[in-house]
């Protein structure tokens, strides 16, 4: 690497020149304003929260640089489910809270204490019915608000007058008259500082009350308004202006930096309504249904063999324990005491015997054996009679199995004095999510399951990893199963090992809404398995190639390319900017097959695009420059979206361009399905034409020939590996995925004049089914995405794909430096790192800084 240092320094200086003329450098412009993070809590009695929560978060984000996450419930009772308040740290990570709940009957003092403790330090906004919530026999909530209201009159227009027109919140606002609204009374004013008074005419009477105020005497500042009963009021720009300015004032950010729209994504979580959701999955329970909560000693979650499978009425689904060990148990807890006279068990192995026992209990502590099958020799389903009266619990415990198979059963059927018991499952929030994910219900036509970390047993991991093979000297771990990252199309690793995943349930042929997202996976305990997942971009069509750089993610999402910012590094993008428009076709024209596919950043500071052969009609960069390309090839642009240009043409459908530290660029192409163009291995140079579709058949001397032709197959993603942990036989080379040949291959290339030659046949480095992409981090770990599952090119249920992490055995990487804290001299030295990933990180850090004497002298 020593011989590369002069070149890298020259490239860094050249990149600095490009930045000076195009992309703004960090030191020459102020640090971008970090958006505020607000949490809106909505739901409960008497209001249209289905629409209002959406109106509020969109209206605020359109007016202010505030990311508004939402937790809401469609429950319309006066005590709606608000489970977040059970956690004392419920507001962690947020700058301000917006209370829009209507929960008068929530009398839980612990909930009250958890809320008030938070607002000692975190500002608040209170809207309308929040003033009538938490009536628990104390006046703590009213004192926190600053004003006590106990009721309201009829719905009539409100004439609103700003009584403190010089206050920062109201000084740009004008008095106004609402449509029909409720006027909340003022029973007692504590520390409220009034901003607005409303007058309402009811017959011959005029009633007046304070309807907007601030409070600075009860912990952190707060803003409140009792206006906002009806959706047409909440939608009124005058109302949204008031709420937005009140929010910014309470957060101490009512200034020009924050009076700008927020353009990033946000999180929306629906709480409660459990029964309604269960019914949508299993149908409505009959009047004589026996509701049952199921638990088990363990569960094989990798194949979705959950306890509730044992009573779902489907003999093709089952409960399975998480391993072969006996004893293992499955327990039914009845919502109401029941009398059971027999139990029929449909065992998984229906031609082998199981040893088991059936126990019952009235309290879950004291158990009686209803049937002893510890010596059972029946090689079939079992049906056992007994008389267990008024029980709350029934438990089946397996004690052994004829051939050592895992404890498992298809169905358990119970009878009582009046015949068959119609068992209906009771599921908690986690189980509902598992149920929807495992069954695919609710996602048949759109959407994707919420990613979640699911801990698998060693046996379950081993079963998945049977699909993966690595060479001697390397070890593999299951980094992510489909539960946390399904349909992985492309992956991008940060230097430290955070993995960003383009997860696209539409694949290449689907066009259904809400299938795509970008996930961030993180391994916090460094065991090679992701234990944290966030939706970095919750909903985006056709996510493809991506690049992580310090605090931003460059993403190709046909038809556009954008950059998404995560300056607080919480795993959720808070802002985005379009860089290139219309560099592919969108869903209105065609699905994302043979589209513009991947992006890779080179040491020269350009971002290179792997383009499919459908091309694009008119792509436009941030500087107004346009480009048309009819066919496949390589396109490039600067990281600020400028200088869009064609680099190389004449390929069919390349899905990646692995780039070396010295800007050597390669790709594995795709066939044209029998038309004489097979899987070719390309080396790209500027303005080269590789022959497809015009030249390759009849004008062989007029195009650049491939380094190799592999015949059949299907090229996918790729990565250039130049990392110190890799032994020589696997290092310093381009690697490409081939879907049809089931692996990630290392290519051995040697210089030959102005290009290269392939010196040996490709070696399979990682074997997996349907590989889609791979990347390497600055710790010498490779992340390989596999598209294993029922789907081929489109959505086929949620259980699709996995990601494996491969590392050199016995290698301990040097600790990753904190690049932002390094001096210019240290960063210049880091350009000589044996790790290409660390070299890039050091260079990108230098390019964000102003010119310095140290850099100039270097």
**Q.** residue 492 vs. criteria under 19 Å from residue 537 (Cβ atoms) and touching a residue at least 12 places away in the same chain (Cβ under 8 Å)
**A.** yes
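With the structure loaded, tell me whether residue 677 is assigned by TED's automatic domain parsing to the domain that holds residue 562 and either surrounded by 23 or more Cβ atoms within 10 Å (Cβ to Cβ) or touching a helix residue (DSSP H, G or I) at 6+ places or on another chain (Cβ under 9 Å) (or both) or whether it fails that test. Write out each step before concluding.
Numbers: assigned by TED's automatic domain parsing to the domain that holds residue 562: yes; either surrounded by 23 or more Cβ atoms within 10 Å (Cβ to Cβ) or touching a helix residue (DSSP H, G or I) at 6+ places or on another chain (Cβ under 9 Å) (or both): no.
No: the conditions fail for residue 677.
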Q: Would you point out the residue of segment 153-177, among those that are touching a residue at least 60 places away in the same chain (Cβ under 8 Å) and assigned to a strand (DSSP E or B), that is surrounded by the most Cβ atoms within 10 Å (Cβ to Cβ)?
A: 158
Q. With (1) out of contact with any strand residue (DSSP E or B) (no Cβ under 6 Å at 6 or more places or on another chain); (2) part of a helix (DSSP H, G or I); (3) farther than 18 Å from residue 214 by Cβ as the list, and residue 129 as the residue in question, which single condition is left unmet?
A. (1)
Q | Whichever residue in segment 75-119 is in contact (Cβ under 8 Å) with a residue 60 or more places away in the chain and within 25 Å of the chain's Cα centre (by Cα) and, among such residues, is farthest from residue 184 (Cα to Cα) | A | 93
Q. Are any residues in segment 288-328 modelled with pLDDT of 90 or more, surrounded by 19 or more Cβ atoms within 10 Å (Cβ to Cβ) and not in a loop (DSSP other than H, G, I, E, B), and if so, which ones?
A. 290, 292, 294, 296, 307, 308, 309, 310, 311, 319, 320, 328
Q | Residues located in segment 803-826, provided they are modelled with pLDDT of 95 or more and touching a helix residue (DSSP H, G or I) at 6+ places or on another chain (Cβ under 6 Å) | A | 819
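Among 609, 635, 603, which is the only one that is more than 28 Å from the chain's Cα centre (by Cα), part of a strand (DSSP E or B), buried (at least 21 other Cβ atoms within 10 Å of the Cβ) and touching a residue at least 24 places away in the same chain (Cβ under 8 Å)? I'd like the intermediate steps shown before the answer.
Values: 609 fails: more than 28 Å from the chain's Cα centre (by Cα); 603 fails: part of a strand (DSSP E or B).
Of 609, 635, 603, the one residue that is more than 28 Å from the chain's Cα centre (by Cα), part of a strand (DSSP E or B), buried (at least 21 other Cβ atoms within 10 Å of the Cβ) and touching a residue at least 24 places away in the same chain (Cβ under 8 Å) is 635.
Do the conditions hold for residue 833, that is, is it touching a helix residue (DSSP H, G or I) at 6+ places or on another chain (Cβ under 8 Å) and not in a helix (DSSP H, G or I)? Walk me through it before giving the result.
Working: touching a helix residue (DSSP H, G or I) at 6+ places or on another chain (Cβ under 8 Å): yes; not in a helix (DSSP H, G or I): yes.
So residue 833 fits the description; yes.
Do we find a residue being assigned by TED's automatic domain parsing to the domain that holds residue 732, modelled with pLDDT of 95 or more and within 21 Å of residue 758 (Cα to Cα) anywhere in segment 615-623? Break it down into steps so the answer makes sense when it comes.
The first filter runs over segment 615-623 and keeps only residues assigned by TED's automatic domain parsing to the domain that holds residue 732, leaving 615-623.
Still in the running and modelled with pLDDT of 95 or more: 615-623.
In the following step, the residues that additionally are within 21 Å of residue 758 (Cα to Cα) were identified as none.
Checked segment 615-623: no residue is assigned by TED's automatic domain parsing to the domain that holds residue 732, modelled with pLDDT of 95 or more and within 21 Å of residue 758 (Cα to Cα).
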Q. Does any residue of segment 167-175 turn out to be modelled with pLDDT of 95 or more and within 22 Å of residue 91 (Cβ to Cβ)?
A. no
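With respect to residue 197, determine if the residue is more than 30 Å from residue 564 (Cα to Cα) and surrounded by 15 or more Cβ atoms within 10 Å (Cβ to Cβ). I'd like the intermediate steps shown before the answer.
Values: more than 30 Å from residue 564 (Cα to Cα): yes; surrounded by 15 or more Cβ atoms within 10 Å (Cβ to Cβ): yes.
Here the answer is yes, as residue 197 does meet what is asked.
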Q. So which residues in segment 244-272 are touching a helix residue (DSSP H, G or I) at 6+ places or on another chain (Cβ under 7 Å) and under 30 Å from residue 81 (Cβ atoms)?
A. 244, 247, 262, 266, 271
Q) Out of all the residues in segment 197-233, which are within 15 Å of residue 183 (Cα to Cα) and either assigned to a loop (DSSP other than H, G, I, E, B) or out of contact with any strand residue (DSSP E or B) (no Cβ under 7 Å at 6 or more places or on another chain) (or both)? A) 203, 205, 226, 227, 228, 229, 230
Q: Give the residues of segment 644-660 that are outside any strand (DSSP E or B) and either outside the structural domain of residue 720 (by TED's automatic domain parsing) or closer than 18 Å to residue 757 by Cα (or both), sorted by residue number.
A: 657, 658, 660
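Being at pLDDT below 90, more than 24 Å from residue 51 (Cα to Cα), surrounded by 14 or more Cβ atoms within 10 Å (Cβ to Cβ) and more than 31 Å from the chain's Cα centre (by Cα) is the requirement here; does residue 285 meet it? Lay out the reasoning, then the answer.
Details: at pLDDT below 90: yes; more than 24 Å from residue 51 (Cα to Cα): yes; surrounded by 14 or more Cβ atoms within 10 Å (Cβ to Cβ): yes; more than 31 Å from the chain's Cα centre (by Cα): yes.
Judged against the criteria, residue 285 is a match.
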Q | Number of the condition not met by residue 217 [criteria: (1) closer than 12 Å to residue 158 by Cβ; (2) surrounded by fewer than 17 Cβ atoms within 10 Å (Cβ to Cβ); (3) in contact (Cβ under 8 Å) with a residue 40 or more places away in the chain] | A | (1)
Q. Mind checking whether some residue in segment 131-139 is closer than 22 Å to residue 238 by Cα, in contact (Cβ under 8 Å) with a residue 40 or more places away in the chain, crowded, with 16+ Cβ neighbours inside 10 Å and under 41 Å from the mean Cα position of the chain (by Cα)?
A. yes
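The values are calculated or read from the model by the stated rules, or taken from the named source; none is laboratory data. Please read all numbers here as calculations on a predicted model, not as lab measurements. In this analysis, Cβ positions are derived from the backbone assuming ideal geometry, glycine residues included, and neighbour counts consider all displayed protein chains.
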